[in-house]
1. By how many nm would the segment from S16 to H31 grow when fully extended, if each residue of separation counts as 0.36 nm and the alpha-carbon distance is taken off?
2. Assuming 1.567 mPa s and 4 °C, estimate D for the chain with Stokes-Einstein, Rh taken as the Kirkwood radius over Cα pairs, in µm²/s.
3. Give me the angle, in degrees from 0 to 90, between the Cα long axis of helix 2-30 and the longest principal axis of the Cα atoms of the chain, rounded to the nearest 10.
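Here, each number is a calculation from the coordinates, and none is a lab measurement. Since the model is a prediction, treat every value here as computed from it, not as a measurement.
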Amino acid sequence: MGSVNMRTEVVRGGISFGTALAIAISWTANHSVLWAVIHGLLSWFYVIYYVLIKS
């Protein structure tokens, strides 16, 4: 049971970090709260898109 709880926390942490990273990248690129919220919802998809396409 301990490893299941730890895995859940790691996944939650990854989702939180991905969301924060997407919001930070979006804000830096667009300076728009609306886009930052949308990109935060897309989280890792936006981060990967930004790294592959925009950089």
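1. 3.3 nm
2. 110
3. The answer is roughly 10 degrees.
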